[in-house]
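A.B. asks: What follows is a single structure, and I will ask about it in a moment.
The values are calculated or read from the model by the stated rules, or taken from the named source; none is laboratory data. Here the structure is a predicted model, which means the values were calculated and not measured. Don't worry about glycine lacking a Cβ; one is built from the backbone with ideal geometry, like all the others, and counts go over all protein chains shown. Each accessible area value is taken on the protein alone, full model and side chains, heavy atoms only, with ligands, DNA and RNA left out. Shrake-Rupley method; radii C 1.70, N 1.55, O 1.52, S 1.80 Å.
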Amino acid sequence: MDRTSQIFHKLFIVEKSVRGHQRVPSGSREFKELTKRDAQIQLQHELDKLLSTVPDLRQPSVKKELDGFAQLFHRFLQEEGPSVDWERIDRLPENAVRDYSTLQLPSADQIHLMLEKLVVVKLNGGLGTSMGCHGPKSVIPVRSDLTFLDLTVQQIEHLNKTYKTNVPLVLMNSFNTDEDTQKIIRKYKGLQIEMYTFNQSCFPRINRESLLPVAKNCNIDADMEAWYPPGHGDFYESFKNSGLLRKFIQAGREYCFISNIDNLGATVDLNILNLLLNPSEENSTEFVMEVTDKTRADVKGGTLIQYENKLRLLEIAQVPKEHVDEFKSIKTFKFFNTNNLWAKLDAIERVLNENSLNMEIIVNNKCLANGLNVIQLETAVGAAMKSFEGGLGISVPRSRFLPVKKTSDLLLVMSNLYSLNKGSLVMSPQRMFPTTPLVKLGDNHFSKVKEFLSRFANIPDLIELDHLTVSGDVTFGRGVSLKGTVIIIANHGDRIDIPSGALLENKIVSGNMRILDH
C-alpha cells in the first residue's frame, strides 16, 4: 500500500471510529481534518481527469453531474455520527398527519382546472434483474400482458380523456434504463398523453480503501460496474438540470406527484390534489408524504418523525442499534412511508437555488465482480421533506401501496383479488377485508418471473386467502383455490403437484403429500 493509500485508509478508520461515537484525541481530529481536505483534493483531481475524457459537446452536462458528486462526497466526509439524536425525537403533533377520510372530494368543474396544475413523475431507474428479467423493471408484464409502464400510461390517458386535460407524464430514467425506455415509449405516440424523460445522475463508485473513483474514463458503456445511479433523492437536482422543472413552472404547473413505477397503487388522487390546490387554511403545503399503517411486513420501512420542529423521514439506517426494536414497534411508530410524494414545483426550485436541500447520505457497500470493495453514496427522495415549509403526512388506505418487488407480490396482482379498470387495480368486492394476504414463495424455485409462471397452470383463487407459504419444488394445476392459511413444503428431492380443482383451506401440505388440518 503506497503512502497515499495509507492516508486514505487511516481516514476511513478515523471516519468509522467517529461514526461509532468513540472519543477521538485532538491530535486525531487535526489529522482527520487534514486527511478530509486531502481526500477532497485527491478526489477532485481524479474527477478532473475523468472529465477530460469526455467529448467537448458533453462536457458541460457531465461537469454538472461530477460537481454534484463532489458535493455529495464532501458532505459524506463532514458527517459525524448519526444524523438523528434519538432523545430529541418529539411525538408527532396532532395536525402532522391528516387522515385521508377527512379530505374533500373536489367538484367536477374544479377537477379540470386542478389537473392543469399537476405533473406526474414516475421513478423509472430500476432494472428487473432481481426478478430474473432483462431491461427496465417497468417493462415486466404484471397483468393481462400489460407492463407497469402500460398501466401508468393508461391511467394518465384516462384522466386526460375524462377531464379534457393534458397531465404530463415524466419518467426519471437511469443510465441503466434510458435506452430501452426510449425505444418502448414510441408505441404510446398515438395516445392522448404528453410524455417526457430525463436521466438521473450517473456517479462514479469509489474504492472503499482509497476513497477514489474506480472508473478510468467517462465511457460508461465500457465499464458499467464503475458507475451507479445515486438513489431517487437525486430527482430534484436532475429534474432542474433537465430544464423540465422551469418549463413546467412557466407553463403554470404547481405540483408534482412522485412515486415508484412499481407501486401499482400510486395513482393520481384528486382528494389529495384538492387539499393542496384548494386548502381550507391559508398556509401553503409544499410537501406531502403519503403514509399508511405499519404491519409486520413493513417494520423496516421509513417512518415520519417530528424533529427540530420539522416533519422528517426516519429510515432504519439512521437508527442507533440500541433503538432498532423501538423503531420497528407498531405502537411507537405506527406509520410508514409509501414513497408517494407531492411537492410544490416553485418550492423545489427555491430550495435548490438556496442550496438548502439536505438529505441524509446512504452509504451502500458493494463488491464488484472482480472482488473489489466499493461504496456508493445515495440519497432518498422522501428525505428532502425537512427542507420544505409546511410539510404534511397523509394517512392513506393501504390500497395506495401496492408495490411489486418480488414474484410473491406478482402473484397477488395477477390473481382474482384485483380487477383492472383503466390501468388501475381495484380490489375485488368479494374480499371480506381490505388487507392483502401475506405470501412467501421460496427463492430457489419462484424468485424469477419465468420460473414462477411455469409453476402455475393458472393463478389460484386467492379471494379468501390470509397467508400462503410455499417452499421447494411445487406446481399448481388449473382452478386451484387457496383459503385461510396454507403452507406447502416440498423437502429437498421431493416434488409436490397440487392437482387441478384442488381446494386447500387451512392446510399444511408436506413433502409426502400428506394433507393435515392446520
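A.B. asks: Order these peptides, 307-317, 178-188, by their mean beta-carbon neighbour count within 10 angstrom, highest first.
C.D. replies: Values: 307-317: 17.1, 178-188: 14.5.
By packing density, highest mean first, the sequence is 307-317, 178-188.
A.B. asks: Then there's this: Suppose accessible area is computed on protein heavy atoms with a 1.4 Å probe; arrange His74, His232 from highest to lowest.
C.D. replies: Working: His74 85, His232 60 Å².
My answer, sorted largest first, is His74, His232.
A.B. asks: Right, here's the next one. Compute the Cα gyration tensor for segment 44-184, then decide on rounded, prolate or oblate, letting a ≥ b ≥ c be the square roots of its eigenvalues: rounded whenever a/c is under 1.5, prolate when a/b is larger than b/c in the other cases, and oblate in all that remain.
C.D. replies: Numbers: a/c = 1.94, a/b = 1.24, b/c = 1.57.
In terms of gyration-tensor shape, oblate.
A.B. asks: I would also like to ask the following. I'd like the accessible area for Val139: 1.4 Å probe, protein heavy atoms, all chains in place, Å² to the nearest 10.
C.D. replies: 40 Å²
A.B. asks: Over the alpha-carbon set of segment 297-368, divide Rg by the Kirkwood Rh and report the Rg/Rh ratio to two decimals.
C.D. replies: On the way: Rg = 14.9 Å, Rh = 14.5 Å.
We get a ratio of 1.03 for segment 297-368.
A.B. asks: Could I ask something else about it? What residues have an amide H closer than 5 Å to that of Val509, excluding those fewer than 5 places away on the same chain, when H is modeled at 1.01 Å from N in the peptide plane?
C.D. replies: Long-range HN contacts for Val509: Ile487, Ile488, Ile489.
A.B. asks: Tell me the net charge near Ile362. Cut-off is 13 Å between Cβ atoms, Ile362 excluded, with +1 for each Lys or Arg and -1 for each Asp or Glu. Intermediate results must be reported in sequence, preceding the final value.
C.D. replies: Values: positive: Arg75, Lys366; negative: Glu79, Asp234, Glu315, Glu360, Glu378.
After counting each charged neighbour, the total is -3.
A.B. asks: Considering only DSSP beta bridges whose two residues both sit in the chain, what percent are antiparallel, to the nearest 5?
C.D. replies: On the way: 40 of 86 bridges.
Bridges in the chain that DSSP calls antiparallel: roughly 45 percent.
A.B. asks: Something else now. Work out from phi, with θ = phi - 60° and the Karplus expression 6.51 cos²θ - 1.76 cosθ + 1.60, the ³J(HN,Hα) of each residue of segment 307-313, listed in order in whole Hz, and give x for Gly and Pro.
C.D. replies: The phi angles translate into 8, 6, 6, 9, 6, 8, 7 Hz.
A.B. asks: Extension gain Ser284-Asp56, at 0.36 nm per residue separation less the Cα-Cα distance, in nm?
C.D. replies: Net length gain for the segment: 77.7 nm.
A.B. asks: Multiply the residue gap between Ser510 and Ser356 by 0.36 nm, knock off their C-alpha separation, and tell me the result in nm, one decimal place. Display every interim value, and only then the final one.
C.D. replies: Numbers: separation 154, 0.36 × 154 = 55.44 nm, distance 5.79 nm.
Extra length available between Ser510 and Ser356 comes to 49.7 nm.
A.B. asks: Points 7 angstrom from Cα along the Cβ direction at Ala317 and Ser447: gap in nanometres?
C.D. replies: 2.1 nm
A.B. asks: Against the 2.2 N^0.38 Å scaling, with N counting residues, where does segment 312-432 land? I'd like the Cα-based Rg ratio to two decimal places.
C.D. replies: Numbers: Rg = 19.0 Å, N = 121, 2.2 N^0.38 = 13.6 Å.
That works out to 1.39 for segment 312-432.
A.B. asks: If Lys and Arg each add +1 and Asp and Glu each add -1, what is the summed charge of the other residues whose beta carbon sits under 15 Å from the beta carbon of Glu308? Mind dumping the intermediate values first?
C.D. replies: Values: positive: Arg88, Arg91, Lys310, Arg312, Lys386; negative: Asp85, Glu87, Asp90, Glu360, Glu389.
Cβ neighbours under 15 Å give a net charge of 0.
A.B. asks: Oh, and also: What FRET efficiency, computed as 1/(1 + (r/R0)^6) with R0 = 35 Å and r the Cβ-Cβ distance, is obtained for Ala96 and Thr435, rounded to the nearest 0.05? Intermediate values should be presented prior to the final figure.
C.D. replies: Values: r = 25 Å, r/R0 = 0.71.
After rounding, the FRET efficiency stands at 0.90.
A.B. asks: Where does segment 238-310 land on the Kirkwood hydrodynamic radius, alpha-carbon pairs, in angstrom?
C.D. replies: Numbers: mean 1/r = 0.0648 Å⁻¹.
One over the average 1/r among Cα pairs gives 15.4 Å for segment 238-310.
A.B. asks: Taking a point 7 angstrom from the Cα of Lys183 along the C-beta vector, which residues in segment 136-158 have backbone N less than 18 Å away?
C.D. replies: Under cut-off, by backbone N: 136-141, 147-150.
A.B. asks: For segment 228-352, build the convex hull from the C-alpha positions and give me its volume per residue in Å³. Walk me through the numbers before you get to the answer.
C.D. replies: Details: hull volume 20.1 nm³, N = 125.
Spelled out: Cα convex hull of segment 228-352, divided by residues, is 161 Å³.
A.B. asks: Please work out how much length the chain gains when fully extended from Arg75 to Asp221, using 0.36 nm per residue of separation minus the C-alpha to C-alpha distance, in nm with one decimal.
C.D. replies: Values: separation 146, 0.36 × 146 = 52.56 nm, distance 2.83 nm.
Result: 49.7 nm gained on full extension.
A.B. asks: At 10 °C and a viscosity of 1.306 mPa s, what translational diffusion coefficient does Stokes-Einstein give for segment 365-466, taking Rh as the Kirkwood radius over Cα pairs? Give it in µm²/s as a whole number.
C.D. replies: Values: Rh = 17.4 Å.
Estimated diffusion coefficient is 92 µm²/s.
A.B. asks: Take the cross-link list Lys328/Lys440; Lys137/Lys450; Lys122/Lys161; Lys300/Lys507; Lys137/Lys448; Lys137/Lys344 and give me the ones stretching past 22 Å between alpha-carbons. Display every interim value, and only then the final one.
C.D. replies: On the way: Lys328/Lys440 20 Å; Lys137/Lys450 14 Å; Lys122/Lys161 20 Å; Lys300/Lys507 30 Å; Lys137/Lys448 13 Å; Lys137/Lys344 28 Å.
Table pairs above 22 Å Cα-Cα are Lys300/Lys507; Lys137/Lys344.
A.B. asks: A follow-up question, please. If packing is taken as the mean number of other Cβ atoms within 10 Å per residue, what is the order of 168-174, 59-65, 318-324, highest first?
C.D. replies: Numbers: 168-174: 23.4, 59-65: 15.0, 318-324: 13.3.
Top to bottom by mean Cβ count within 10 Å: 168-174, 59-65, 318-324.
A.B. asks: What percentage of the solvent-accessible surface of the chain, computed with a 1.4 Å probe over protein heavy atoms, is contributed by carbon and sulfur atoms? Working shown, then result.
C.D. replies: Numbers: 12160 of 24900 Å².
About 49 percent, which is the carbon plus sulfur part of the accessible surface.
A.B. asks: How compact and how long is the chain, expressed as Rg and Dmax of its alpha-carbon atoms in Å?
C.D. replies: Values for the chain (Cα only, Rg and Dmax): 24.7, 75 Å.
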